[in-house]
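Reviewing the structure listed below.
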Amino acid sequence: MKNISRLILATAITTSLLAGCDAKPTAAPSAVEPEHTHNAASAEAIASPVETFGKPVIYQVLPRLFGNTNATNRPWGTIEENGVGKFSDFTPQALQQIRALGADYIWYTGSLHHAVVRDYTAFGISNDDPDVVKGRAGSPYAVKDYYTVNPDLANDPGKRLEEFKALVERSHAAGLKVIIDIVPNHVARNYQSLAKPEGVRDFGADDDTSVAYARDNNFYYVPGEPFLVPVAEDAYQPLNGEAHPLVDGKFTETPAKWTGNGSRAPQPKQDDWYETVKINFGVRPDGSHDFPALPAGYAQKDYRAHAAFWADKDVPSSWEKFRQITDYWLAFGIDGFRYDMAGMVPVEFWSYLNSSIKMQKPDALLLAEIYQPDLYRDYVHLGKMDYLYDKVGTYDAIRAVMEGKAATDPLVEIQESLRGIEDNMLRFMENHDEQRIASPEFAGNAEAGKPAMVVSAALSGAPTLVYFGQELGEPGAGDAGFGKASRTTIFDYWSVPTIRRWNNEGNFNSEKLSEAEQSLQRFYRTLLTFSQQSPALTGKFFDLHQVNRSQGENYTDKLYSFARWAGDERLLVIANFADRDSTTSLRLPKALIEAWQLAPGKYTLTNQLQQGSAEMVVRDDLSAAVSLDTPRLSGQILRVGR
C-alpha cells in the first residue's frame, strides 16, 4: 500500500514539475488507499475562498472562553457552574468585528478534540482520567482525536464536526482565513480516534510494545514497566481534591510510554508533560536518524522539489499519520496550521509534510512554535515553514525594556541576526503561553503595550499576532484552577471579563467597555489595519537606532527607531518605552535619504496612527533631521510627504 501511494504521488509531482513553476501545483494524495482519499488527491490545488493581501494579522482565540458570558469564575468550576463558550458564539457580527480590527486570519486554539474531564459516553466517547488531565477542561495540546473537534464547544456534541464546519464557513464569509493547531510532538495518553476515516490507523495501534524503539512504532516504550502517575508536588490534587470515580492516583498503561517532553521514566515528574506521550518520528533513542536525509543543496529548492524527493521514499509511520491528518483538515477547509513545539520534531519531517501541504494548497499558512535560533534558517529553508515564533529574540528583548530590565539597544543586534529571514518571524506581545501585558506580573499597564506593538508590527513583513482580549487590556486576573493568574487559563472553564463586556449580549460593541478599553481597542484597530495595508511594511528596512544613540540629541536607551519603505511610501517609526514624555532630534543618514531619492528641502511627516505631524529638513549634503515629541509609552509611524 505504501508503494502504491508513493507511486501515485511521484507521478503527480512529476507532472507538476514538467508543467513548469507557473502551472497550478498538482495536489498530493492522502497516504490512505486511493479509494479512501478525499480532495487532496484532486489534480487541482485546493482553492481558498478568501483572498488576503499584504502583511498578515492573526487573531488568536480560545472558543472555550470567547463566547462564555457566565461571570461566576469559580476556581476548578464545572461547565454547569462557570459555563463554556461554543462555536456558535462566533456569530457573523463577532467575526465582522474581529475582521474590522485588522485581522485576516483567525486561529481557533483548542478546537481539536483533546482530553477533557466530562462525561460524553452517550456519544461513544471514552471518559478521560483526571489523573492524566491538566485542569478540568483539559489542555488543548493533549489531543485525543485528530479527526474531530472538542465536544464541549458544540451545542449538540453529536454534531460537533458539522458545527465546526459551519464556523469555518462563517469565518470565510467574514473575510477570515482559519488556522488550527497541529501538535506533532505528542498526543494525549488516552489517544483514540472515533472519527478517523476508513483506512486510517490510530497512533500506536500497530506498535511493537516489546521494544523501546522501532522505526515504525508511533511511540517510545519502557518495556516491562507500567506507567505510574507522578508524585504530587505542592499538595496538588486532580480536580483540587474533588471526588471522582477515576481519581485514584493510577492510570493503566503497560508498558509505559515516554512522556511528551521526552522523559523516559515510567513515572514522570509533576512538571513533566505527563498528560501526553512522545511521538516517534524515526529518531532513535541515541538521537540518530532512521529516515532518509535531504541531499545537499535542498535549502535552495522550492516545495515542489522537496515533495518530489519524498515521493518515492519509505518514511516512518508517524510521518504518514500526520500527513493523513493535515490532508483531512485541508479538505475540510482549513487554511493553515500552527505547529506546537515544532523544534522538537526533525526538520526532515517538516520538509516531507509541508511540501505535501503546499502541493495541495500553495497559500496555506504554516507557522512553527520554535525557540532555538540556531535552527531558524533550517526550519524555513529545509522545513518549508512560512513563519517562526520570534520569542527568544524580539519578544524577550522588548519585554525586558517594558519591565525596566534592559535598554532597547539589543534590538539592533537581534534584527541583524535575523537578516534574510526577518519576514519569516512572527511578532507578538501576547499569546496563550505568555503573561498578559496588563498583568502585574508583566507590565501592569496595557498602555505599556503600545510602543511594543508598534515596533512589533512595523519591524518586518512577517505577521503580527494579537491574543483575544489584548486589544482591550485584559489582565488575566484570578487563579482559575490549574491555570494561574497573569495568563488567561487554557486548562479551565472560565470567562474573560473584558471579552464579556465587549460581547454585550452578542452585540460586540463598545457600550459596556470603559473609556480606556475603547481607546486601546481603537489604537489596535488603527495599527493593525495600517500594518496590513501598508506596502512599506513589507518593503525595505533601515536601522536608525545606532546612529541616533551615538549622534542624536536627547535620544535615550528607551527610544527605538527605524525606517521602512516601498515605492513612494516612506515611513519613520519611533517608539518611546519610557514612562515620561521627551523631545528628540532624530538624525537620518545620507544613505537613507539617497535610498529614498529625496532632494534637499522640507518634508511633512504625517502620523499614521493619530493626528499630528512634524517637519523634516533635508540639507544640501543630503543629511536630514527632524525634531519629534515622543509622548510616554507611545509609538509613531510617520509618513514622509511634501
### Message
Let me make sure I get this right: for segment 154-253, a, b and c are the square roots of the gyration tensor eigenvalues over alpha carbons, sorted descending. Under 1.5 in a/c it's rounded, otherwise prolate if a/b > b/c, else oblate. Which is it?
### Response
oblate
### Message
Can you give me the long-range amide H partners of residue 187? Hydrogens built in the peptide plane at 1.01 Å from N, cutoff under 5 Å, separation of 5 or more residues or another chain.
### Response
277, 279
### Query
How high is the FRET efficiency between residue 210 and residue 433 when r is their beta carbon distance and R₀ equals 30 Å, given to the nearest 0.05?
0.20
### Query
By how many nm would the segment from residue 579 to residue 405 grow when fully extended, if each residue of separation counts as 0.36 nm and the alpha-carbon distance is taken off?
61.3 nm
## Note on the structure
Inter-part gap, Cα centre of segment 252-281 to Cα centre of segment 181-216, in whole angstrom, is 14
### Message
Please report the equivalent ellipsoid semi-axes of segment 536-641, computed as sqrt(5 x eigenvalue) of the Cα gyration tensor, largest first, in whole Å.
### Response
20, 15, 13
### Query
Between residue 617 and residue 441, 0.36 nm times their residue separation minus their Cα-Cα distance comes to what?
59.0 nm
### segment 218-300: radius of gyration over Cα atoms, expressed as a fraction of 2.2 N^0.38 Å
1.47
### Message
If each DSSP helix of 4+ residues adds -39,500 (n - 2.57) and the sum is divided by the residues in the chain, what number results at 222 nm, nearest 500 deg cm²/dmol?
### Response
-7000 deg cm²/dmol
### Task
Evaluate the distance, in nm, between pseudo-label points positioned 7 Å from the Cα of residue 265 and of residue 248 along their respective Cα→Cβ axes.
2.4
### Task
Whole Å is fine, so just give me how far the alpha carbon centre of segment 513-540 lies from that of segment 579-642.
20
### Task
May I ask for log10 I(q)/I(0) of segment 491-557 at q = 0.24 Å⁻¹, from a Debye sum over the Cα atoms as equal point scatterers with solvent left out?
-1.01
### Query
Roughly what would the spin-label model give for residue 173 and residue 284, points 7 Å off Cα along C-beta, in nm?
5.6
### Query
Just how far, in whole angstrom, is segment 340-419 from segment 122-178 if you go by their alpha carbon centroids?
28
### Query
Where a ≥ b ≥ c are the square roots of the eigenvalues of the C-alpha gyration tensor, would you call segment 462-524 rounded, which needs a/c under 1.5, or, failing that, prolate if a/b is larger than b/c, or oblate?
oblate
### Query
Rounded to the nearest 0.05, what FRET efficiency is calculated for residue 479 and residue 546 with R0 set to 60 Å and r the Cβ-Cβ distance?
0.85
### Message
With the cut-off at 1.5 for a/c, could you classify segment 247-394 from its C-alpha gyration tensor as rounded, prolate or oblate?
### Response
prolate
## Note on the structure
The percentage of Cα-Cα pairs in segment 126-194 separated by more than 14 Å is 65
### Task
Be a star and scan segment 569-605 for residues whose amide nitrogen sits under 17 Å from the point 7 Å along the Cα-to-Cβ vector of residue 533.
569-571
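A short reminder: the numbers here are calculations on the coordinates, not readings from a lab. Please read these numbers as outputs of a predicted model, since none were measured by experiment. When we count neighbours, we look across all protein chains shown, and the Cβ atoms used for this are built from the backbone with ideal geometry, even at glycine.
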